[in-house]
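S.K.: Have a look at this one before I ask anything.
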Amino acid sequence: FSKQYLIAGNIIRIRDGADVSHKVNLSEIPSEGGIVLGNLEAQVTLYVFSDVRCSHCRTLHTNLETLVQENRKVNVVVYLLPIMMDRELAAALGCSGSAEMLSAAYVSGGKSAKLDDLEPCSMKGVEAVEGFARKWQLRSTPSMILPDGQVVRGARSPEQIEELLKPF
């Protein structure tokens, strides 16, 4: 192209669909509002930005539950990014830190009577998640962040997630 053109866009690795051109600074991931799935002492942490009303997020959540049950070396921290869900529900779930309530929210699309037991909570955690997502251009759910900061968008099977996590 003789230095006359600039090619802009994402670089997607064909093997697994990972966007290798998009990495985030892990130290900027919010410290509050995350819900941990799996072993708290795990060697590898996967960060997920998700919405309980998103069908792809629901699929990914089920796959992540399977992953952490089968692999104690991996845990997942789920941050609710309210795109379709209510911000108040995202805040209450984040403050609860309850994986059980999170699962109930996914199963019901955020409409389970069980969720009525959640305490109202400050929006500070949701605002931090939204600010992080804005800064790092996480515009869709689900979005996974690997331990090296690489962003992977969309649902994956437990086997595909294991493959993504192999280098760590």
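The values are calculated or read from the model by the stated rules, or taken from the named source; none is laboratory data. Quantities reported herein were computed from a predicted structural model and do not represent experimental measurements. Neighbour counts run over all protein chains shown; Cβ positions are idealised from the backbone, glycine included. Ligands, DNA and RNA are stripped out before the accessible areas are found, and what is left, the full protein with its side chains, is counted by its heavy atoms. Shrake-Rupley method; radii C 1.70, N 1.55, O 1.52, S 1.80 Å.
S.K.: Can you work out which of the residues in the range 119-152 that are closer than 18 Å to residue 84 by Cβ and outside any helix (DSSP H, G or I) is most open to solvent (accessible area, probe 1.4 Å)?
M.R.: Only one residue tops the list, namely 139.
S.K.: In this structure, does residue 114 turn out to be surrounded by fewer than 16 Cβ atoms within 10 Å (Cβ to Cβ) and without any contact (Cβ under 8 Å) to a residue 40 or more places away in the chain?
M.R.: Values: surrounded by fewer than 16 Cβ atoms within 10 Å (Cβ to Cβ): yes; without any contact (Cβ under 8 Å) to a residue 40 or more places away in the chain: yes.
Yes: the conditions hold for residue 114.
S.K.: Let me ask another. Given the residues 35, 29, 12, which is the only one that is more than 26 Å from residue 89 (Cα to Cα) and among the aliphatic types (A, V, I, L, M)? Walk me through how you get there before you give the answer.
M.R.: Details: 35 fails: more than 26 Å from residue 89 (Cα to Cα); 29 fails: more than 26 Å from residue 89 (Cα to Cα).
After applying the criteria, what remains is 12.
S.K.: Name the single residue, out of those in the range 14-72 being in contact (Cβ under 8 Å) with a residue 60 or more places away in the chain and acidic (Asp, Glu), that is farthest from residue 83 (Cα to Cα).
M.R.: Result: 70.
S.K.: Right, next: Please work out if residue 122 is of a type in the set (Gly, Ala, Ser) and under 20 Å from residue 60 (Cα atoms).
M.R.: Values: of a type in the set (Gly, Ala, Ser): yes; under 20 Å from residue 60 (Cα atoms): no.
In short, no.
S.K.: Out of the residues in the range 111-135 that are more than 30 Å from residue 22 (Cα to Cα) and of a type in the set (Gly, Ala, Ser), state the one that is modelled with the highest pLDDT. Write out each step before concluding.
M.R.: Step one: list which residues in the range 111-135 are more than 30 Å from residue 22 (Cα to Cα), which gives 111-122.
Restricting the remaining residues to those that are of a type in the set (Gly, Ala, Ser) gives 112-113, 122.
Numbers: 112: 90, 113: 90, 122: 93.
Selected residue: 122.
S.K.: On to the next question. Scan the range 1-26 for residues that are modelled with pLDDT of 75 or more and of a type in the set (A, V, I, L, M, F, W, C) and report the count.
M.R.: Matching residues across the range 1-26 total 5.
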